[in-house]
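The values are calculated or read from the model by the stated rules, or taken from the named source; none is laboratory data. A quick note: this is a predicted structure, and the numbers were derived from the prediction, not measured. Cβ: placed from backbone, ideal geometry, glycine included. Neighbour counts: every protein chain shown. Calculation scope for accessible area: heavy atoms of the full protein, side chains included, ligands and nucleic acids excluded. Shrake-Rupley method; radii C 1.70, N 1.55, O 1.52, S 1.80 Å.
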Amino acid sequence: MSQTILGIPVTVDFRSTPCSWHEKPDKRCTVWANGKHIHPMKLWERDGDWLEGKNFDAWKVRDYFLASESDAEILNFLNKTGHFSKRLNVKGAWSYDSFRMWHTAFRGLLQRHPSGWGAWASKQFEHEPMIIKALQVYSQIPVDFRWTKTQHYAFFKATDTLGAILATIYIDKLRGAKHGFCARPDCRKDFEFISKHKRKYCSPSCAHLETVRRLRERQKSRKQEKRRV
Ligand SMILES: [Zn+2]
């Protein structure tokens, strides 16, 4: 028998598992680049038992990850947040592009109803079994209940970044949140639709910047037209 449980606050309890990340060529494979065979550069995790995990706000970690586009930004993010996935058992197979692929995956999940995730992921990531596997592995989330005299809480527990970000997406979907992504090409930050109003940008500053850009473009093309006349 299913019960309807109302009004329980749910959040993510994310305690990271620290490690340091470094770049090293992957001697197990070669790729053809600039006219020769080379070992591709991969990212490797190195455990440090002297390091202690930190508690992070999982939603801030998600924002920070989605904003980390360049190789340097991704490496910086990883060195702050520790193990990306302990449950997928990936050893030294991380490339910068694989993290950018996770950007696409998280954005896709946020924009879709969970009932369509499986079909979408199988098509989009046909050649990336890691994503499909992650959706299966991380659909099982440890939950911790905490009680006070007046309220009780549920915590989705996460000990790696992938688990923490997926847990935020599950909670956003459970509460019926709708997400969009900023139309400013160099921002692309996610935002939540909190009213029925159409919205294209994540913030007034992005909307303003795009208006200024369009204005400048129009002024430039008018000047070019005048010169032609
Ligand atoms: Zn923006």
Out of (1) away from the ligand (no atom under 16 Å from the Cβ); (2) under 20 Å from the mean Cα position of the chain (by Cα); (3) open to solvent by less than 80 Å² (accessible area, probe 1.4 Å), the one Gln140 does not meet is (3)
(1) open to solvent by less than 70 Å² (accessible area, probe 1.4 Å); (2) within 16 Å of the ligand (Cβ to nearest atom): which one isn't true of Gly116, the others all being true?
(2)
If you go through the range 177-198 one residue at a time, do you hit one that is under 20 Å from Gln111 (Cβ atoms), away from the ligand (no atom under 16 Å from the Cβ), of a type outside the set (Val, Ile, Thr) and at pLDDT 85 or above?
yes
Filter the range 188-218 down to residues that are among the hydrophobic types (A, V, I, L, M, F, W, C) and assigned to a helix (DSSP H, G or I) and give me whichever is most open to solvent (accessible area, probe 1.4 Å).
Leu215
Looking only at residues that are within 17 Å of Pro9 (Cα to Cα) and open to solvent by 50 Å² or more (accessible area, probe 1.4 Å) in the range 154-175, which one is nearest to the ligand (Cβ to nearest atom)?
Arg175
Quick check on my filter: what residues within the range 139-158 are within 19 Å of Tyr170 (Cα to Cα) and either assigned to a strand (DSSP E or B) or at pLDDT 95 or above (or both)?
Val143, Asp144, Phe145, Tyr153, Ala154, Phe155, Phe156, Lys157, Ala158
May I ask you to verify whether Ala72 is of a type in the set (A, V, I, L, M), outside any loop (DSSP other than H, G, I, E, B) and open to solvent by less than 10 Å² (accessible area, probe 1.4 Å)?
no
What pairs come up if the first residue lies in the range 17-45 and is not assigned by TED's automatic domain parsing to the domain that holds Phe84, the second is among the hydroxyl-bearing types (Ser, Thr, Tyr), and their beta carbons are under 7 Å apart, counting only those six or more places apart or on different chains?
none
